[in-house]
Structure formats: C-alpha cells, structure tokens
Amino acid sequence: MRYATRAVLTLVCMLGSAAACGGDDDDDDVADDSDQADDVAPVTRQLVLFHTNDEHSHLFGFAPEVDDFPLPTEPGDGAIVGSIARRAEVLSQERAALDGDGIDSLTVSAGDQTQGALPQMAFETTSPDLALMAELGYDVMCPGNHEFDLGPDAYAGAIEAAGPDLPPIVSTNIHFSSEPGDDALEALYGEGGSDAPITPYQIIETASGLRVGFIGIMGVSAASFAPNKTPVEFSGNFADEGDREAILPAIYADLQPVVDTLRNDEAVDIVVALSHSGVDTETLELGDDYNIAQNVAGIDVIISGHTHTALPEPIVAEGPDGHRVPIVQAGSYGQWLGRIALTHTTGGRAELDEDGETGLIAIDDTVVPTDAAITDQLDAVMADIEATVLPEQISNIEGAEVTDDPEVLGDLYYRAMGATEFDVIGIRLKTETNMLNLSTDAKLAAAEEFAGPTDVAIEASGTVRDDIKVGRTGVLTYADLFRIVPLGENPMDGTVGYPLSRFFIQLWEVKAALEVGVSNGYIDDSFYLSASGLLVEYDTTRPPQDLTNLADVFVAENGRITKITLDVDHSDTFDENDVALFDLSRGEDAWVSGLGDLFARYSVVTSLYIASFAAGAGITLTDEAGDALDLFDTILRRPDDSEVKDYQAFIGYVRDQAAANDGFLPPRYDEKAVEGAIPRHMICAGPLCM
C-alpha cells in the first residue's frame, strides 16, 4: 500500500520546573540521584524500521525482466514490480520525510539476500547483492539459508567481496565446527557489538539516542533447507534438523542469554530480532517466529523472513514476560518495502505506534528511479555477468559457441530463447502447477537425451521460484527463464546451479517419496512434489504415511496415495499413463503389475538437492543392477563429462519446445487450454485439495 498521509510526531520532553529544584548550588551537588531522576519526566521517542527479506538477487524489476530494461524514465502502470533502484528511491523519500519530522529510522534485512536471479552469478567475485544493500544504507541484516547455497567459504568470500562498507550481519544461533570447511566464515565472526563482519548481536544508537539491539535467527525449516552449510550448524542437533519439537527449544536456549545480555549488560532500549524463520498465517502456532516471540523474553519486535509472506499488518504474539511482540514480513523479491513504526518511552518497552504508519509500501514501476549511481552499478553488474559467465552457460545450452558483444548491454542477459502467448504459473501453494510440469518434463527430456530411457522425473515446489509472464512482447529471455530454477551448486566443484541426478529406486521407495509430498507438502508447501511420467492419485481424508517404520511403509493400505500409473512410452508427451504400478483397488495385489512388484526398480531423475534429501532419509540410490551409488555418482553428464544443470535443462527444453512450435511454448503448459488443464499428474481428493 502507498501511504496517503504521514503521522506527525509530537515529541514532548518535560523538564522539571525551577520551583521544584530549589536550593543553592551546594545542595544540588549533594542531591540524591533518584530525586534528580524523579524531576525529569519520561521521554517518548519514535523509531521507524524499514525492512525487506528474501530479496534473492532480484536487483532488476520483473516480470518479465526484459520489459524493465532499460529502466523507464516515466511512471508505469504498476505491472513491473521490484528493482533495487526503485527501492533506493522509495527509501530516500521515506527517510527524508522522517528526518524532516525528527523521527529516527533504521533499515534492515531478514535474510536470503542472494540466490534467485542472474546477479547471483557474481556472488563470490563482486557480491553485487550485498554491495548494493550497503549502497542503499542498510544498517544491519541476518543471513538466510540461501546465503549458504554455495557453502560457508563462498559466503565468507561474498562478505569480503562486498567491501568494508557492508552493514553488520547478526547470526545468534550459528555454531561453527572444529572440522575444516567453515574456517573462513568463522574467521569473520566476532564478539557481540564488535566490528567483526558477523556477530551474535549488534547495537546501533540512533540520532535521538535510542540504543537498539539486534539479534539474528535461523529457523527450523530454514536450517534444514541448507544442506551445503555443512559443517556449520544452527540450534540443536544435526540429527534433529527439521524437527520443530526438538529444534525450537534449542533456538530459545541460544537466544535467551543473548537477549538478556542486551537488556541487562548493554542496557539497550529496544531489542529487534531479524529472523529467517517464518510465519504461518493460517495456523499461527505453526510459524517459528510466533513461537519464538512467545518463548523468548525481552524481544520487542520480530522482522521475519523465509516464508515469503507479505503481511499488510503485523501478527502479534504475547511474550513470556507479557509484552506484545509484533511480527512483520515484507513478502519477497523486493516487491515491497516493509515499514513498522514504534514508540519507546524511557524506562519502558517499545510498542507499536498506533498513530504511525505500519505496513507495506509497493515497489513497482509507478516509482521512477533517480539515483544515477545505482543505475550505473546495475549496468556494471549486467555487463560483468555477460562478459564472464553467460557465454559458456548459453553455449552449453545452445550447443554452439556464443560470445558477448561488449558494446551491446543485455545481448546475452536478455537473449531470446523463444516466446509465449500465455502465463505459466509457478507460485501456487500445495498443488500441481504447469511450471512444475514444465520443469519435470525438462528433467525427463534431459535424462533421456544423455542417459537413455528414464521412467520418472520429480520436482519439489520449493525449487520453483517464479512464474513465466507474457509481458509486453511474450519473448522468453535467458534471464527470465533462469529465474525459475536458479538455486544451488555442485558441492564438488562449486559451480552455480544444482546438477541433475539420475538413479534407480524401488517402487516402494517411489511411493514413500511421493507420500512425503502429499503429507509434509500440506504443512510446508516447499515439500509438495510433482512428477512427469507418472499419474499419482491420493486422498487427503486418509492419514499421512508413517515413514519412520519400514514395515508400515510396505503395507499398501497405509498412506494417502491410492494409485500410481506409469507412462511407459515417451514418444509423444509424458502424460499418456498406461500401467498401474500401484493400485489399492487390486487388494492383495496392490503392488503387482505387469512390470513387477514393490521391489521392481525404476529410473528417476531429479535435482541433486532433492536426491540428497532422499539419500539422507534412507532411500538407497542405485544403478540399474541394484548396486548402491554415491550421491555424486548419480550426477547426469554430457558426453564431454560436463554435468547437466537443472537451469540448463529447463532453459534448453523451453527453447526446444518453442522451436518445434513455430517459436512459441506449446499450449500443454497453458492451464486455460484443454491440453494444459491441471491437475494432470497429481490428482487430489479430500478436504486439503487446493
């Protein structure tokens, strides 16, 4: 929302009257300190916190990004959202207004500043995401799970590459290891309040003298979503990662003494938690930050991240000390600037300013950037990526050498890969989407090209990061397609992007993996799974599968899945499912088909990220003969031994599909078309169906 009015601060500092301070100078010298304090009325001051979270390398407006290049010099209609240049403009205007009213402000980020768009390619070299946040005047930030996508050493490299003006980073519940692998990051970690780049807490004193203490939190699911953080750990035992009942008390135990230090030893006026933990707007108790507010005494406000939730007004939880703690979050990708107005009275706790403006400010193309220095830096980021990494990336996809023309900014960044006449939806909670179908089809096509016939491709909702939009021209550019599946790295060589992973598993393991998606996927939508090459039917009136007991997994009646049908012939599409591998209606023969029983092996392709979760959950990844494979031996490779990245398979498939359809994406990915109507792969029954 754009604010129509601005609350005017009336700051009254009532000093003791002369009549109340009688006596000569000598009497004043020996007066009791408490009497002097009683003569001075409490002072009430305002503080505005501007906040963002989950920026994910979205330095440019979208979508499509190409529609925002070059940056317009006239206001638009709001169709393009985001852009750090527009955020700089709004921050400048907002801060100027507050300065004019004598109100303090600070600007903070609640994690995942990086990983999600092409600027992430320069993470370790020039660190544009962090460097530009410094340029915008951020005062403090915390890391999110995606800061660890390339490993602790890469994060340390990005911090150093961002330069000496990087705002302080707070990480209160981080734990370093005695093992090698996190030494570079640990070397940047110092004592609370020190000048080290990362600390357990920081204190900032505002212009009016408010002492504001900051802590930084990594939540339960966020920590579990960062496999490449190893050997770094966060609260609790590694074996319990993802278990909220086990990890949340450990988070409270890590935070409480630090908050106590800020309150008692550092004598701060306000404690702000920057928390990459998340909220649940449907069931508040399922949000980590709501639980943290209820169980850690002394926190005044939580700036939340991780769940990409745009909260138009705060969620309020009652702390163990009775203080009402507002929790705010500003969506994702820089589409909003969050604003929370607080008041603080001497000797008291910070409260929401009922007369202030708390909420979300839209960042869209109705705002015209005016800071030429920011625009120049953005041009430099694009030029650097075009010169250094895009020629090789695009050459791998197109199968021929591609070079950059340094005289034409955007020639590779916005290289056309096809066109579309319809939007493809990727961001929709707890259900199959055509973007999931497009992504799984791309994986399956890549596996069959480089490894031969493959049965199934599996994708998780959490790895699909955006929609494809038609925009003004319908052109599908490299940058706009990369933004869909941009995450991860190969931990073996540090190259950006998850490799594809191909392996064999038994039918009961296929069902068990899919049971996770149709159970946990309704608790945390990042876990919702979809597949190509399969038709999965499930019933949410049935209790979720207990995957902790192997014997129960073999019982056909257990779990929500009632039928799994395989497409055995991929000559046309991956949707012509014809052999029921599993079917509850067959009774005792539920697991038996013409292709075998529950122990029959099927070839699966997915990202290395999902494969690592499967291996960690006890699923044995094997070759066709049933011999166990090391995780890295499952990586899909080209004949020249180069690995096939997830984003490369996706962009290449879109390019090929468009080329075979007169330059346009085929209508089977248009949910408004007959052939594109969903669901097609995940057929849901029962009350949880979206």
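The values are calculated or read from the model by the stated rules, or taken from the named source; none is laboratory data. Just so you know, these numbers come straight off a predicted model, no measurement behind them. Here Cβ is always computed from backbone atoms with ideal geometry, including for glycine, and neighbour counts include all displayed protein chains.
Computed quantities for the displayed model
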{"read-out": "Any hit, region 209-220, residues being of a type outside the set (A, V, I, L, M), surrounded by fewer than 17 Cβ atoms within 10 Å (Cβ to Cβ) and on the phi > 0 side of the Ramachandran plot", "value": "yes"}
{"read-out": "Any hit, region 445-458, residues being touching a Pro at 6+ places or on another chain (Cβ under 8 Å) and buried (at least 24 other Cβ atoms within 10 Å of the Cβ)", "value": "no"}
{"read-out": "Failed item, numbered, when residue 506 is tested on (1) out of contact with any helix residue (DSSP H, G or I) (no Cβ under 7 Å at 6 or more places or on another chain); (2) modelled with pLDDT under 95", "value": "(2)"}
{"read-out": "Out of 500, 535, sole residue that is surrounded by fewer than 23 Cβ atoms within 10 Å (Cβ to Cβ) and part of a strand (DSSP E or B)", "value": "535"}
{"read-out": "Test: residue in region 172-193 that is within 25 Å of residue 289 (Cβ to Cβ), among the aliphatic types (A, V, I, L, M) and at pLDDT below 95", "value": "no"}
{"read-out": "Some residue of region 588-602 being in a strand (DSSP E or B) and among the aliphatic types (A, V, I, L, M)", "value": "no"}
{"read-out": "Leading residue by the ranking (farthest from residue 175 (Cα to Cα)) among those in region 281-307 that are of a type in the set (S, T, N, Q) and surrounded by 23 or more Cβ atoms within 10 Å (Cβ to Cβ)", "value": "307"}
{"read-out": "Of all residues in region 550-565 being over 14 Å from residue 535 (Cα atoms) and among the β-branched types (Val, Ile, Thr), the one that is surrounded by the most Cβ atoms within 10 Å (Cβ to Cβ)", "value": "553"}
{"read-out": "Considering residues of region 570-587 that are in a loop (DSSP other than H, G, I, E, B) and of a type in the set (D, E, K, R) only, the residue nearest to residue 450 (Cα to Cα)", "value": "572"}
{"read-out": "Selected residue [surrounded by 24 or more Cβ atoms within 10 Å (Cβ to Cβ) and assigned to a loop (DSSP other than H, G, I, E, B)] from 278, 236", "value": "278"}
{"read-out": "Yes/no for residue 88 being among the hydrophobic types (A, V, I, L, M, F, W, C), assigned by TED's automatic domain parsing to the domain that holds residue 360, in a helix (DSSP H, G or I) and touching a Pro at 6+ places or on another chain (Cβ under 7 Å)", "value": "yes"}
{"read-out": "Residue within region 463-485 that is assigned by TED's automatic domain parsing to the domain that holds residue 612, touching a helix residue (DSSP H, G or I) at 6+ places or on another chain (Cβ under 7 Å), part of a strand (DSSP E or B) and acidic (Asp, Glu) present", "value": "no"}
{"read-out": "Filtered residue count, region 449-462, keeping only those that are out of contact with any Phe, Trp or Tyr (no Cβ under 7 Å at 6 or more places or on another chain) and part of a loop (DSSP other than H, G, I, E, B)", "value": "3"}
{"read-out": "Looking only at region 58-78, and only at residues there that are modelled with pLDDT of 95 or more and either of a type in the set (A, V, I, L, M) or touching a Cys at 6+ places or on another chain (Cβ under 7 Å) (or both), the one that is nearest to residue 362 (Cα to Cα)", "value": "59"}
{"read-out": "Qualifying residue in region 259-267 (condition: assigned by TED's automatic domain parsing to the domain that holds residue 321, of a type in the set (Asp, Glu), over 27 Å from residue 183 (Cα atoms) and in a helix (DSSP H, G or I))", "value": "yes"}
{"read-out": "Sole residue being over 26 Å from residue 42 (Cα atoms) and among the β-branched types (Val, Ile, Thr), chosen from 340, 327", "value": "327"}
{"read-out": "Region 138-180: number of residues that are in contact with a strand residue (DSSP E or B) (Cβ under 8 Å, 6 or more places away or on another chain), in a helix (DSSP H, G or I) and not aliphatic (A, V, I, L, M)", "value": "1"}
{"read-out": "Flag for residue 564 being touching a residue at least 40 places away in the same chain (Cβ under 8 Å) and under 12 Å from residue 508 (Cβ atoms)", "value": "yes"}
{"read-out": "Selection within region 113-136 - within 17 Å of the chain's Cα centre (by Cα), on the phi < 0 side of the Ramachandran plot and of a type in the set (S, T, N, Q)", "value": "113, 114, 120"}
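The rows are residues; the columns are (1) surrounded by 14 or more Cβ atoms within 10 Å (Cβ to Cβ); (2) charged (D, E, K, R); (3) in the same structural domain as residue 502 (by TED's automatic domain parsing); (4) under 26 Å from the mean Cα position of the chain (by Cα).
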| position | (1), (2), (3), (4) |
| --- | --- |
| 578 | no, yes, yes, no |
| 587 | no, no, yes, no |
| 619 | yes, no, yes, no |
| 625 | no, no, yes, no |
| 634 | yes, no, yes, no |
| 639 | no, no, yes, no |
| 643 | yes, yes, yes, yes |
